[in-house]
């Protein structure tokens, strides 16, 4: 029964993404190579990696990350201070005009807490970025062992709109 409900949640999320995902040529914000490492189903926290590109002439500020697949998602920065590794949550993230920010292991990353459904290897789940100006980008994050393998499909279609 739990598997049926979990599958229903994922199917609903994917259908919602497909309905909302319309790539527009005027997108000034782009998410590329979004992936999350495969992990045992008992893990309550997962990491997310990607490139966030700002093609506009203005700074952008990422203020919220969410997903139907997780209870919560935060932006985290890994730091090494005097040889001690630690992480800190960032309340927001600024991206300068025409700049790219890389979310990667050992640096900036998404900390995704309490998955609401299983994450099969090779599967994907929807993620939503909300920016300070009200813009929202929705994209799919792939579950992979070591990152995205197929470079032809590694650039995710995004949907950008204002609220």
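The values are calculated or read from the model by the stated rules, or taken from the named source; none is laboratory data. What you are looking at is a predicted structure, and each value in this text was computed from that prediction instead of being measured. Every residue, glycine as well, gets a Cβ built from its backbone with ideal geometry; the counts of neighbours run over all protein chains shown.
Some notes on this structure:
- Residue in region 85-100 that is modelled with pLDDT under 95, out of contact with any strand residue (DSSP E or B) (no Cβ under 7 Å at 6 or more places or on another chain) and closer than 28 Å to residue 145 by Cα present: no
- Within the set 114, 104, the sole residue that is farther than 22 Å from residue 71 by Cβ and either modelled with pLDDT of 95 or more or surrounded by fewer than 20 Cβ atoms within 10 Å (Cβ to Cβ) (or both) turns out to be 104.
- Looking across region 127-160 at every residue that is in contact with a strand residue (DSSP E or B) (Cβ under 6 Å, 6 or more places away or on another chain), surrounded by 11 or more Cβ atoms within 10 Å (Cβ to Cβ) and not in a strand (DSSP E or B), the one that is modelled with the highest pLDDT is identified as 132.
- Condition check for residue 37: surrounded by 15 or more Cβ atoms within 10 Å (Cβ to Cβ), under 18 Å from residue 121 (Cβ atoms) and in contact (Cβ under 8 Å) with a residue 12 or more places away in the chain: yes
- Residue within region 87-100 that is within 16 Å of the chain's Cα centre (by Cα), closer than 13 Å to residue 47 by Cβ, in contact (Cβ under 8 Å) with a residue 40 or more places away in the chain and part of a strand (DSSP E or B) present: no
- Set 78, 72: member being at pLDDT below 95, in a strand (DSSP E or B), within 19 Å of residue 112 (Cβ to Cβ) and out of contact with any helix residue (DSSP H, G or I) (no Cβ under 7 Å at 6 or more places or on another chain): 78
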